Amino acid sequence: MDPQNQTTSLQRLENVEKRIVRVLELAGGIMDEMANPSGPRKELVNNHCSEFMQSVKEIQMTLRDEIKSACEYRPFEKCDYVPRISNEICCKKLEYVIAQLDEMKQTIEGYENAA
């Protein structure tokens with residue numbers, strides 16, 4: 001996750017937190033209205049319940065999206081196979097060059113000893 005997406009994700013989660021607080025306020029308002037000695041005002045309860053249900057639905061969708069986004073599977077994102085193989089090939093090439101140099105050194109020493 002790049003820093004820009006992470007920031008926007010954190011902002012979205014902060015907004016969800018604010019909406020959760022609003023949902024709890026709505027639930028508290030409904031409870032207060034239901035406990036009203038003169039009886040609950042039907043229209044107020046209906047409005048609060050509708051807003052409550054819509055907010056809960058939006059919160060669920062946002063959280064679901066954030067969870068999916070955070071859990072995206074990226075199998076090759078940090079794969080180091082290509083660099084490792086490249087390094088191994090380079091090591092094998094170096095071993096071969098060293099062996100060739102050793103043979104050349106032995107050949108040179110053989111000519112020097114013969115002379």
Using the 10 angstrom Cβ neighbour count as an exposure proxy, how do Ser38, Ser55, Ser86 rank, fewest first? Ser38, Ser86, Ser55
Give the lysines whose C-alpha is closer than 21 Å to that of Lys93, dropping any in the same chain fewer than 8 places away, or say none. Lys105
Mind checking which lysines have their C-alpha under 22 Å from Lys18, skipping anything on the same chain fewer than 8 residues away? Lys57, Lys68
In nm, the gap between the two label points placed 7 Å beyond Cα toward Cβ at Asn87 and Glu112 is 3.6 nm
For Rg and Dmax of the Cα atoms in Å, calculated from these coordinates, the label among (1) 12.6, 35; (2) 35.3, 123; (3) 13.8, 45: (2)
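Can you list the DSSP H helices in the chain whose Cα atoms extend at least 24 Å along the helix axis and whose mean Kyte-Doolittle hydropathy is -0.5 or higher?
Details: long enough: 3-34 (46 Å, -0.46); 42-70 (42 Å, -0.62); 81-114 (50 Å, -0.41).
Span-like helices in the chain: 3-34, 81-114.
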Among Asn46, Asn36, Asn87, which one shows the highest mean-square fluctuation when the chain is modelled as a Gaussian network with alpha-carbon springs under 10 Å? Asn87
Using a basic spin-label model with each label point 7 Å from the Cα along Cα→Cβ, how many nm lie between Asp32 and Leu10? 3.4 nm
Charges at C-beta only: +1 for Lys and Arg, -1 for Asp and Glu. How large is the resulting dipole of the chain about its Cα centre, in Debye rounded to 20? 580 debye
For Asp65 and Gln100, extending 7 Å from Cα along the Cα-Cβ vector and measuring point to point gives, in nm, a value of 6.0 nm
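Just so you know, all these numbers are worked out from the coordinates, no wet-lab data involved. The model shown is predicted, which means the values in this text are computed figures rather than measured ones. Because the Cβ atoms are built from the backbone with ideal geometry, glycine has one as well, and the counts that use them run over all protein chains shown.
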